[in-house]
Amino acid sequence: MNDTSFCDNVTDLQKLIDSSNNIVFFGGAGVSTESGIPDFRSVDGLYNQKWKFPPEQIISRSFFDANPGEFYRFYREKLIIKGIKPNAAHLKLAELEKAGKLKAIVTQNIDGLHQAAGSKNIFELHGSTLRNYCMTCHAPYDIDFIADSAHSPDGIPHCTKCGGIIKPDVVLYEENLNESCIEGAIEAIRDADMLIIGGTSLTVYPAAGLINYYHGSKLVLINKSPTTGDLAARLVIHDSIGKVLGAIKV
């Protein structure tokens, strides 16, 4: 994309944002990859790296229940990523929310970077690595406790209160999405006067299906590669989500 078309696209996006007061952002892995977090499906993504078991199998509920030690070996190495900072996209979304323009973020990411940037109203469809709970007594534990469990005899984080196994508040394969989270996301998308979709290929369901609840006229798609939703969008920008949103003035 040349500089002229980029500027034109940013100008068009700015006009849409300026004329909106109930914006919802729907984001995927591409929002976090620009902070250095690997995605799952790219050539270098987690699904294309070799493990003792396929990553899709490791992060399933049945595998977690049957082999929590191996699950946590993968989880700590690949899904607990420290020292990562919010990028321009996260920061601009937080700024838009503070200004009263952005009403909600619906994210497929589990890294907590939107919160780190200062956003408040976030629907985390797939949960968060920042929250962890004992499966027996439901006592909460932070991400550092999970990371430090690598030093435990079996490599599994156990509750200090009852000894139960701790599970991340992350939606694994074979698990359903949280109903209240889905309902909140649907309501936010349905009521939005503008929907910005960014950093997602729109191939992960049921999450991607939530955008069908938007019936407004200001649908914007920002992604480095084409998506299945491009034809329905009013504005499509094939570029870096951080670069595009970073150019917006609030």
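The values are calculated or read from the model by the stated rules, or taken from the named source; none is laboratory data. Given the structure is predicted, the values throughout are model-derived calculations rather than measurements. Please note: Cβ atoms are built from the backbone with ideal geometry, for glycine as well, and neighbour counts cover all protein chains shown. The protein model used for the area step is the full one, side chains on, heavy atoms only, and it has no ligands, DNA or RNA in it. Shrake-Rupley method; radii C 1.70, N 1.55, O 1.52, S 1.80 Å.
For region 130-143, how many residues meet the condition of being open to solvent by less than 70 Å² (accessible area, probe 1.4 Å) and out of contact with any Pro (no Cβ under 6 Å at 6 or more places or on another chain)? Of the residues in region 130-143, 5 are open to solvent by less than 70 Å² (accessible area, probe 1.4 Å) and out of contact with any Pro (no Cβ under 6 Å at 6 or more places or on another chain). Which residues, taken from region 214-247, are over 17 Å from residue 32 (Cβ atoms), of a type in the set (Ser, Thr, Tyr) and surrounded by fewer than 18 Cβ atoms within 10 Å (Cβ to Cβ)? 217, 228 - these are the residues of region 214-247 that are over 17 Å from residue 32 (Cβ atoms), of a type in the set (Ser, Thr, Tyr) and surrounded by fewer than 18 Cβ atoms within 10 Å (Cβ to Cβ). Restricting 100, 83, 127 to residues that are closer than 30 Å to residue 19 by Cβ and out of contact with any helix residue (DSSP H, G or I) (no Cβ under 8 Å at 6 or more places or on another chain) narrows the list to 100. In region 170-189, the residues that are over 14 Å from residue 212 (Cβ atoms) form Cβ pairs under 6 Å with partners that are surrounded by 14 or more Cβ atoms within 10 Å (Cβ to Cβ) and polar (S, T, N, Q), at six or more places apart or across chains, as follows: 172/60; 173/60; 174/60.
Kindly provide the set of residues from region 69-94 that are more than 16 Å from residue 35 (Cα to Cα) and small (Gly, Ala, Ser), ordered by number.
Just the residues of region 69-94 that are more than 16 Å from residue 35 (Cα to Cα), to begin with: 69-77.
Passing the criteria: only 69.
Filtering region 2-27 to residues that are assigned to a loop (DSSP other than H, G, I, E, B) and either of a type in the set (D, E, K, R) or in contact with a helix residue (DSSP H, G or I) (Cβ under 8 Å, 6 or more places away or on another chain) (or both) leaves only 22. On the stretch given as region 200-250, residues that are in a loop (DSSP other than H, G, I, E, B) and more than 24 Å from residue 186 (Cβ to Cβ) total 10. In region 123-146, the count of residues that are over 25 Å from residue 184 (Cα atoms) and in contact (Cβ under 8 Å) with a residue 40 or more places away in the chain is one or more.
In region 165-199, of all residues being out of contact with any helix residue (DSSP H, G or I) (no Cβ under 6 Å at 6 or more places or on another chain) and either among the basic types (Lys, Arg) or part of a loop (DSSP other than H, G, I, E, B) (or both), the one that is surrounded by the most Cβ atoms within 10 Å (Cβ to Cβ) corresponds to 192. Taken over region 144-164, the criterion of being of a type in the set (Val, Ile, Thr) and either out of contact with any Pro (no Cβ under 6 Å at 6 or more places or on another chain) or open to solvent by 60 Å² or more (accessible area, probe 1.4 Å) (or both) is satisfied by 160 alone.
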